[in-house]
C-alpha cells in the first residue's frame, strides 16, 4: 500500500478510535486542568519498568533548573544501573516540548513545540498536530504526528501516593522511517495529576513494521510503565 494511503487510513482509524473513547468516558468531567506553572526546584522521580527487558527497572530524575514566563528548562537524568544519560527538556508555557527527546534519540530542537499534552485538559477533548521536520541523515523534509484524547478522571495510586488523575490517550508517529521499515508509532496511556504538575503514570508501547523481504514483521521497540515515586515542589 502506498505510504500516503497508509497514513490516510491511520488518521481515519485514530479519529474513529478517539471518538469512541470519548463516548466511553462516564466519570464526572470536573474543571479543566490548566497547564502547570513550573518553578525552579520542582523535582520528580520516576520508576520505569521495561517489559521488553524482563521487567528491568530504571529511574528517571527530573528537576526544573530555570523558569521564565514563556519557557522552563528541565534537567532529565536517566539511570538503568549500567548506563546513564542526561539531557535538558525545554517546555513552553502551554506545556509544549520545544527541545529535548521524544523517543530514544539525540536531543533536538523542534520547529514547533510538540503538544504532547494539549492544555487545558478537559474530558472529551481531542487534538492532532503535525510538526514539519528536516532529516539531516537523508537531507529531506519529514514530519511528526501527534493525536490525543482526554478521557475520564479518577483517583490513581502510584508509589508516590494517591492522586486525582485525568486520563490521556496519545498516539505519536515519529520521523524515523527508513527504506526498509515504517516510521515508529508509539501509543501512550497517561494519568496526569495537576497536584504534581506532571503525569503520575505513563504506559508506552512503540513499534515499527518492516517493509518487503521474506521475513516481514512488526518489531516492538518499547514496552514500559513509568510511575511517580516522589515529587518535591520548588520554591514559589
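Testing the spin-label approximation: label points 7 Å from Cα along Cα→Cβ at residue 216 and residue 130. State their distance in nm.
2.5 nm
So what is the calculated 222 nm ellipticity per residue for the chain, using -39500 (n - 2.57) for each DSSP H run with n of 4 or more, over all residues, to the nearest 500 deg cm²/dmol?
So the calculated ellipticity at 222 nm is -3500 deg cm²/dmol.
I need to check one value: relative contact order of segment 66-151, counting alpha carbon pairs closer than 8 Å and at least 6 residues apart, in percent.
18 percent
Angle check, please: helix 3-24 long axis (alpha carbons) against the longest principal axis of the chain (alpha carbons), in degrees 0 to 90, nearest 10.
Compared with the principal axis, the helix lies near 40 degrees.
What's the ranking of 195-206, 211-222 by average number of surrounding C-beta atoms within 10 Å, highest first?
Sorting 195-206, 211-222 by mean packing, highest first, produces 195-206, 211-222.
Could you state the number of Å between the C-alpha centres of segment 27-57 and segment 59-96?
Computed from Cα coordinates, the inter-centre distance equals 13 Å.
With a 10 Å radius around each residue's Cβ, average the other Cβ atoms per peptide and rank 157-167, 123-133, highest first.
Averaged packing, sorted descending, gives the order 157-167, 123-133.
If packing is taken as the average number of other Cβ atoms within 10 Å across a peptide's residues, how do 54-61, 89-96 rank, most packed first?
Peptide ranking by packing, descending: 89-96, 54-61.
Calculate, for residue 109 and residue 164, the FRET efficiency according to 1/(1 + (r/R0)^6) with r their C-beta to C-beta distance and R0 35 Å; round to the nearest 0.05.
Given R0 = 35 Å and the Cβ-Cβ separation, E is 0.55.
Only the coordinates and a few stated rules stand behind these numbers; no lab work does. A quick note: this is a predicted structure, and the numbers were derived from the prediction, not measured. Neighbour counts run over all protein chains shown; Cβ positions are idealised from the backbone, glycine included.
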